[in-house]
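Here is the structure we will look at, set down as structure tokens.
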Amino acid sequence: MKLTKIHHIAIICSDFQKSKDFYVRILGLTPAREVFREDRNSYKLDLEVGGHYQIELFSFPDPPARPSYPEAAGLRHLAFEVEAIDEAVAYLMDQQIKVEAIRLDPLTNKKFTFFADPDGLPIELYEQ
């Protein structure tokens, strides 16, 4: 078996409209397709990231809260690459998004930081 790329990342949200606004308006992801799956009472929104990868944003009635702190086993966070982290952080702060202090990766000497989506999913920004 040879894996060729990441096909998509699936995220379940508790408030579809709030999360849709966050990922589309604030983060700037491009909606590719949105459907309501009546049999599941669930929305599914496919989002493009830089025309390469896809995030599937799902809504389900009453999903359980995500265990984050202390961190639980499983997927830790979602990371996006940005050209200029200082500009990205300033933009997020203008959008009333709480962002951690910018840190320096001691292995790559690159800047990075974290913030959270509306459900508390940690999101990392990593400078090119």
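Brief remarks on what is shown
- Within region 79-116, being within 22 Å of residue 53 (Cβ to Cβ), among the charged types (D, E, K, R) and part of a loop (DSSP other than H, G, I, E, B) holds for 83, 105, 110.
- The set of residues in region 29-50 being of a type outside the set (Asp, Glu) and either without any contact (Cβ under 8 Å) to a residue 24 or more places away in the chain or loosely packed, with under 11 Cβ neighbours inside 10 Å (or both) consists of 30, 31, 32, 33, 35, 36, 37, 40, 41, 42, 44, 50.
- Scan of region 56-75 for residues that are closer than 26 Å to residue 5 by Cα and either surrounded by fewer than 10 Cβ atoms within 10 Å (Cβ to Cβ) or in contact with a helix residue (DSSP H, G or I) (Cβ under 8 Å, 6 or more places away or on another chain) (or both), ordered by number: 57, 59, 73, 74
- Looking only at region 12-29, residues that are modelled with pLDDT of 95 or more and either aliphatic (A, V, I, L, M) or farther than 18 Å from residue 118 by Cα (or both) come to 4 in all.
- Meets criteria (of a type in the set (Lys, Arg) and more than 16 Å from the chain's Cα centre (by Cα)) for residue 40: yes
- Test for residue 53: is it among the hydroxyl-bearing types (Ser, Thr, Tyr), surrounded by 12 or more Cβ atoms within 10 Å (Cβ to Cβ), outside the structural domain of residue 127 (by TED's automatic domain parsing) and over 20 Å from residue 113 (Cβ atoms): yes
The values are calculated or read from the model by the stated rules, or taken from the named source; none is laboratory data. Computed from a prediction, not measured in an experiment: that's the story for all the values here. Counting neighbours? That spans all protein chains shown, and the Cβs are built from the backbone with ideal geometry, glycine included.
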